[in-house]
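The values are calculated or read from the model by the stated rules, or taken from the named source; none is laboratory data. Every value quoted in this text rests on a predicted model; they were computed, and no experiment measured them. Don't worry about glycine lacking a Cβ; one is built from the backbone with ideal geometry, like all the others, and counts go over all protein chains shown. Accessible surface is based on the protein model in full, side chains and every heavy atom, while ligands, DNA and RNA are left aside. Shrake-Rupley method; radii C 1.70, N 1.55, O 1.52, S 1.80 Å.
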Amino acid sequence: MITSFFIQPSKATSKAQKSFLNIYSKISTDTFVIDGFYLMICINSLNFIEIQEISKLLWSIFVYNIDFLLVDVDNINKINLLTFIPFLKCENSSCRYEQKEVCGNTKPVIINQYVNGSFQLKSNHFPEKISNLHQCPVKIVTFNCPPMMMINYTVSNDGVKSFKLFGVDGEMTNTLAEELNFKIDLYHISDLIRWGSLSPNGTSKGALKMIIEKEADLTVGMYTITYLRTLFMATSESYYSVPFILIVPPGSPFSSFEKLFRPFQLFVWIFLLLTFIIAFIVILIIKLQRNSVRAFVFGRGNRSPFLNVLIAFVGGSQTQLPQRNFARTLLMIYLLFCLVKRSLYQGALFQFLQVDDRHNEIQSIDELVEKDFKVFMLPSSLEHTQNMKFKDKRKWVNATVLLDKRAETTDPLAKHAVSSSLEQVSYYNKLNYRDNTLTVCKEYLFTFQYGIYFRKNSYLVKSFNRKISLFKTSGLIDFWASDYISNTYLNIKKESDGPRMLNVEQLMGGFQVLLIGIITASILFICEVIARKCRISLMQRFFRFFA
């Protein structure tokens, strides 16, 4: 759709400009499509200087798809169709003025003429103007935010400083500059400030402030597309999506004593416990019977059946074997049962003592809130998490403190989480997988959509979107990402290096069991001595019965 404007200038140039300004004052995003197509018809002739002034005003608000239709000053039977091309390298006589390569040029250019009822050239009346910027500078504000954007500076032998952009965003920016033929005018904002913040009233900081206040043309570097930002800036289409996650402390390692129970599942331990309970109940019942029954089941002279059950289970020898076949058969069956269970336990225990096995890390947001974890994040993340369950636990910090807090999450005893995007954790773990790695909560918060932010109504948006769409459909962005990001490096589980010498720390559980046994034996010994010295008959009978 082409919108037409009619301007009837008077003899005074100032009045002609005033006539245009009356229209110009009504141009806004609410009433006009800024990047639409416009035709301005001048009833009387305007000179090139006046058209250039009008073009300059239109270019200031990024209205560039506009043609001017006016009568030629030298031939009233000829109508000229003019426009301005902001990035033009004049190589023919169609340029009104001699000029070299120009950036932001608003001088009018004749693109066609209407003579004798037809146009002289069969050409596009609205030529593409932003597909080739002819090495004009585009001011880009960015910062280091691995793995999406990384800036590498080099100094040549003659002292000239240059830069190279790496990372997914860096590779894309380099390719966009090559495809659209523009020069990157880099403004490296502090890596501590980075994106900055944006409030609903438009107050902003950091790179966002530079775009809103028209100090730069665009900013790129792991930017999420949000409703609030689109109110004050223009955005490209989404080119990459990634989950927003929380970095949490790894599960605390199992203690040596806890590892003693790891070889068997809880059901097996319950089964063993029931076996001992039943055995002790049977022994208790048999001990209450007459001597002939006890001798038949336990064997003659077996005065410690309770203790013999425990001795047989841990592999100790029996001081006196039963002589009756029934008692021998019963003992053999029990010894076979203990042999199988003990062998399985010992084999599994050796493996578990060497493995760096841990409790589970925080699995969900509900668990994080339940355990009263604080969540540290940058101010730019507050907007995305204002409706989360942990909103009252959020603490915003600057980039330096956030890195310190992230490093602290490698401590299993830490009581806080740190917000991040998934690709940052993957990249960090890929670099440090042999040392400290970060652990991710398995419940993701939401998915980020990354985009580029421009000045409001920027002329660059359409051209960038066309190229970004090609990059996406061709798989080029995923190809760049594969060099820096891999889900293989999320929640790395370190594998055992194989059998190795056990140390005192790994065997501490056995020493703890020994200590418990010594303390128990000492208490029983003291109680037995007290019962004998004080002639406490009830206690003496108790010890004789269970001895």
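Counted over the stretch 24-92, the DSSP beta bridges are approximately 55% antiparallel. Identify which of the listed values of semi-axes √(5λ) of the Cα gyration tensor in Å was calculated from the structure shown: (1) 38, 29, 22; (2) 47, 28, 20; (3) 87, 21, 20. Matching the structure shown: (3). Each label point was placed 7 Å from the Cα along the Cα-to-Cβ direction; for Glu528 and Asp435 their separation is 5.7 nm. For the chain, the antiparallel share of DSSP beta bridges with both residues in that region comes to about 65%. Scalar couplings 3J(HN,Hα) for the stretch 457-464, obtained by applying the Karplus form with A = 6.51, B = -1.76, C = 1.60 to θ = phi - 60°, are 6, 4, 5, 7, 4, 4, 5, 5 Hz; x denotes Gly and Pro. Cross-link reach is defined here as a Cα-Cα straight distance under 17 Å, omitting same-chain residues fewer than 8 places apart; for Lys209 the lysines meeting it are Lys139, Lys456.
Placing a label point 7 Å from the Cα of Arg300 along the Cα-to-Cβ direction, the residues of the stretch 316-356 whose backbone N falls under 17 Å from that point are 320-329. When the square roots of the Cα gyration tensor eigenvalues are ordered a ≥ b ≥ c, the ratio a/c for the stretch 178-294 is 1.5 or more and a/b exceeds b/c, which makes its shape prolate.
Per residue, the average separation of C-alpha pairs within less than 8 Å and at least 6 apart gives the stretch 240-396 a relative contact order of 30 percent. Placing a label point 7 Å from the Cα of Asp404 along the Cα-to-Cβ direction, no residue of the stretch 193-213 has a backbone N closer than 11 Å.
Once the chain from Asn124 to Met539 is taken as fully extended at 0.36 nm per residue, the excess over their C-alpha distance is 138.3 nm. How high is the FRET efficiency between Ile277 and Asp357 when r is their beta carbon distance and R₀ equals 30 Å, given to the nearest 0.05? Between Ile277 and Asp357 the formula returns 0.55. Taking the 0 to 90 degree range and rounding to the nearest ten, how far is the long axis of helix 167-180 tilted relative to the main principal axis of the chain, both from C-alpha atoms? Helix 167-180 and the main axis of the chain meet at about 20 degrees. Computed from Cα atoms, the angle from the helix 48-60 axis to the main principal axis of the chain rounds to 10 degrees. Residue by residue, the stretch 479-487 carries 3J(HN,Hα) couplings of 5, 4, 5, 5, 6, 10, 10, 8, 5 Hz when phi is fed to the Karplus relation 6.51 cos²θ - 1.76 cosθ + 1.60 (θ = phi - 60°); x denotes Gly or Pro. Here the relative contact order of the chain, from alpha carbon pairs under 8 Å that lie six or more residues apart, stands at 16 percent. Between Lys374 and Lys395, the simple spin-label model (points 7 angstrom out along Cα→Cβ) gives 0.1 nm. How many lysine pairs does the stretch 313-394 hold where the Cα atoms are under 24 Å apart and the two sit 8 or more places apart or on different chains? Within the stretch 313-394, the lysine pair count is 6. Taking all protein chains as shown and a probe of 1.4 angstrom, His188 keeps an accessible surface of around 60 Å².
Return the FRET efficiency for the residue pair Ile225, Asn465: r is the Cβ-Cβ distance, R0 is 22 Å, and the value is rounded to the nearest 0.05. Kindly include the intermediate steps, with their values, before the conclusion.
Values: r = 13 Å, r/R0 = 0.58.
Using R0 = 22 Å, I get an efficiency of 0.95.
Only Cα pairs under 8 Å and 6+ residues apart enter the sum, and on that basis the relative contact order of the stretch 198-273 stands at 19 percent.
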